[in-house]
Amino acid sequence: MEKGLIHLYTGEGKGKTTAAVGLAVRAAGAGKRVLFLQFMKGRDTGELHALDKLPGIEILRSEKDFGFYFQMTEEQKKELTRIHNGLLERALERTMAGEADVIVLDEVTYPLNWKLLDEALLKRLLSRTDNKPYFPEIICTGRDPQEWLLDCADYVTRMECVRHPFDRGIGAREGIEY
């Protein structure tokens with residue numbers, strides 16, 4: 001099989017995770033093996049229940065909800081960093097073993113920017129020249145990607161927020177925003 005490409009869904013608009021979920025569903029429907037990693041998310045979300053029911057999709061994420069970054073203690077940040085690095089290591093192991101056709105790195109830009117994951121490990125996973133026997137399709141999501149991440153992506157899609165109900169005081173709704 002040919003080498004996969006790297007996608008980046010970014011921007012201030014809604015829909016980055018939703019687009020990644022859509023691609024994961026499409027890939028699973030075509031018989032591909034999907035590894036769906038979530039960073040910075042520990043709370044229950046609707047997409048998890050749907051993805052969990054689909055054959056061919058494996059979800060890896062923190063079992064613990066740490067809340068928002070600005071609310072975390074230094075100890076919580078250290079613990080979450082260990083969890084994030086563990087997720088990356090498992091994705092790299094699965095890549096080296098040729099066990100994933102598609103890897104989603106949902107919300108990966110945040111822990112990268114906040115130093116809550118090992119940047120070198122992420123670069124190794126995204127490297128096409130790391131003697132990998134197989135290179136899967138990789139999808140990254142999140143706001144404010146670092147320049148090197150923009151440079152290595154084959155697809156870059158920016159979601160633009162034109163209007164959002166939050167600006168009118170309407171909070172996140174189950175099944176719609178989470």
What figure in square angstrom, to the nearest 10, would you give for the accessible area of ASP65 with a 1.4 Å probe? 90 Å²
Hey, what's segment 48-128 come to in accessible area per residue, 1.4 Å probe, Å²? 51 Å²
Most mobile listed residue (ALA28, ALA97, ALA20) in the chain, GNM with C-alpha springs under 10 Å: ALA97
With all protein chains present and a 1.4 Å probe, the order of PHE70, PHE39 from largest accessible area down is PHE70, PHE39
Need the C-alpha centroid separation for segment 22-95 versus segment 115-143, integer Å. 15 Å
So what's the convex hull volume per residue for the Cα atoms of segment 86-178, in Å³? 134 Å³
Unit Cα scatterers, Debye sum, segment 1-63: log10 I(q)/I(0) for q = 0.24 Å⁻¹: -1.19
Taking the full set of protein chains and a 1.4 angstrom probe, give the accessible area of LYS78 in square angstrom, rounded to the nearest 10. 120 Å²
Of the listed pairs LYS32/LYS123; LYS3/LYS41; LYS16/LYS41; LYS14/LYS78; LYS32/LYS132; LYS14/LYS64, those with alpha carbons more than 21 Å apart are LYS32/LYS123; LYS3/LYS41; LYS14/LYS78; LYS14/LYS64
Accessible area, 1.4 Å probe, largest first: how do VAL156, VAL34, VAL21 sort? VAL156, VAL21, VAL34
Would you please give the FRET efficiency between ARG128 and ASP167, computed as 1/(1 + (r/R0)^6) with r the Cβ-Cβ distance and R0 = 35 Å, to the nearest 0.05? 0.30
Gaussian network model of the chain, Cα within-10 Å springs - most flexible of CYS161, CYS140, CYS152: CYS161
Computing the accessible area with a 1.4 Å probe over protein heavy atoms, can you report the carbon and sulfur percentage for the chain? 50 percent
If R0 = 45 Å, then ASN85 and ALA19, at their Cβ-Cβ distance, give a FRET efficiency to the nearest 0.05 of 0.95
Potential extension, LEU5-TYR178 segment - 0.36 nm per residue separation minus Cα distance: 59.6 nm
Return a whole-number percent for the relative contact order of the chain, with Cα pairs under 8 Å and 6 or more residues apart as the contact set. 38 percent
Sorted largest first, the C-alpha extents of segment 48-140 along its principal axes in whole angstrom are 40, 33, 17
So the compactness index of segment 1-110, its C-alpha Rg divided by 2.2 N^0.38 Å, takes the value 1.09
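The values are calculated or read from the model by the stated rules, or taken from the named source; none is laboratory data. Small disclaimer: the values here were computed from a predicted structure and weren't measured. FYI the Cβ positions are ideal-geometry reconstructions off the backbone, even for glycines, and counts take in every protein chain you see. The protein model used for the area step is the full one, side chains on, heavy atoms only, and it has no ligands, DNA or RNA in it. Shrake-Rupley method; radii C 1.70, N 1.55, O 1.52, S 1.80 Å.
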